[in-house]
1. On average, how much area does the Cα convex hull of region 8-89 cover when viewed from any direction, in nm²?
2. Residue-wise, which Karplus ³J(HN,Hα) couplings in Hz belong to region 161-166, taking 6.51 cos²θ - 1.76 cosθ + 1.60, θ = phi - 60°, and x for glycine or proline?
3. I need the peptides 144-151, 171-178 ranked by packing, meaning the mean over residues of other C-beta atoms within 10 angstrom, with the highest value on top.
4. Taking square-rooted eigenvalues a ≥ b ≥ c of the alpha carbon gyration tensor, is the chain rounded, prolate or oblate, where a/c under 1.5 means rounded and, failing that, a/b exceeding b/c means prolate?
5. Of the listed pairs Lys56/Lys247; Lys125/Lys270; Lys144/Lys165; Lys191/Lys289; Lys50/Lys89; Lys155/Lys191, which have alpha-carbon separations greater than 22 Å here?
6. Sequence gap at least 6, Cα distance under 8 Å: using those rules, report the relative contact order of region 210-365 to the nearest whole percent.
7. Could you tell me which of rounded, prolate or oblate describes region 151-221, using a ≥ b ≥ c as the square roots of the eigenvalues of the alpha-carbon gyration tensor, with rounded for a/c under 1.5 and, failing that, prolate when a/b is larger than b/c and oblate otherwise?
8. Can you tell me the length gained on complete extension of the stretch Ser88 to Lys133, counting 0.36 nm per residue apart and subtracting the Cα distance?
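Taken together, the values in this text are just the output of simple stated rules run on the coordinates, not laboratory data. Being a predicted model, the structure only gives us computed values, none of them experimental. Cβ placement follows ideal geometry from the backbone for every residue including glycine, while neighbour counts extend to all protein chains displayed.
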Amino acid sequence: MILESLNVHQFRNYESLNIHFHPKLNIFLGNNAQGKTNLLEAIYVLALAKSHRTSKDRELMMFDTDESYINGIVRTSNQSFPLSISISKQGKRAKVNHLEVAKLSEFIGHLNVVLFAPEDLSIVKGSPQVRRKFLNVECGQISKVYLNALSQYQKLLIQKNHYLKERQVDPVMIDVLNSQLSEHASVIMAKRSSFIRMIETFAAEIHRDISNHKEMLSIAYNANIKIDDNEDLKTTIKSVFDDYIDKEIERMQTLVGPHRDDVIFFINGKNVGTYGSQGQQRTTALSVKLAEIELIYQETGEYPILLLDDVLSELDESRQTMLLSTIKNRVQTFVTTPSISDISHDILEDMETFTIIDGTVNDER
Ligand SMILES: Nc1ncnc2c1ncn2[C@@H]1O[C@H](COP(=O)(O)OP(=O)(O)OP(=O)(O)O)[C@@H](O)[C@H]1O
């Protein structure tokens, strides 16, 4: 799929912007703090109805304004349609093909993105939270069922944690909440498990190529509640929740569940986070990102768009070349960079450069 154009109003430091994109490569070039990442963020919000940098929507609205919107035209292999999202103090409203959606989860999935930012290089070494965010964003883009289960689970979890903090906690009430939580947890965990199996297949192949067949990458789902393929997931989860009721009442918080899941990466059987070199950790992150592109293609029949936020300079020439061979002519790509010299010359063929200065864009076509 391709994002043909973007129209932004009062978003971050953009008062107003109308821009047409190149179908292959778009470079957002500019000095620090001019608005390169803001532009990438606008595309991300149009895809996922939320920012990758903040959970506070009011930060997205231009200073001293109270409404912001982002419109875009998306072209897939068989259709072209507008997407729009507006952000105000009252919340977010989104439209697909001019029709307002009742829930934002219905909006997600019309423009698929893979974002690769410097923080992603820490997917292996960073906190489990980073990996859970990765699971949620990726599973959510390919499965509405996952998105719904996640949103219900998170709401119930807040409710349960609130309740656990009250002075008089009734275990019967906790049991009711646990039954509902286990229902959604079973969906989340089943989807995460199959997603990791699929992404592992693609990432292992990519990693093998990058490492000249020297390294075998494997990825394990380190579920907080151990699951067995032969058991009924919901029943297993519920019985683990039951086992923890007393402890949770004592500690006043939910101690088990998919909100504590993790993912572990291995190279040749050794944990990359613990034993891997920095280079191996970077290659693993790159392999996983490239695998996401292939996985979205397999699941949706369309390649996602790729957002590279200041990450090319972090990759050496051979990793940039690997990235290039995966995306070439297939994946519309948006790159932010302070300097074109950071980018391998092989990549800079068929493209358009947009120079960003203080929230304005100069198209150098
Ligand atoms: N809500 C907002 N309203 C207006 N301006 C904003 C808002 N949020 C951020 N900015 C401004 O946007 C600018 C930062 O933009 P951005 O993060 O896109 O920088 P960048 O061009 O990617 O720079 P770098 O190369 O340093 O990452 C800052 O000047 C900041 O003050």
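1. The Cα convex hull of region 8-89, projected and averaged over all directions, gives 5.9 nm².
2. 5, 4, 5, 5, 8, 6
3. 144-151, 171-178
4. Since a/c reaches 1.5 but b/c is at least a/b, the shape of the chain is classed as oblate.
5. Where the Cα-Cα span goes over 22 Å, the pairs concerned are Lys56/Lys247; Lys144/Lys165.
6. 18
7. In terms of gyration-tensor shape, prolate.
8. 13.7 nm
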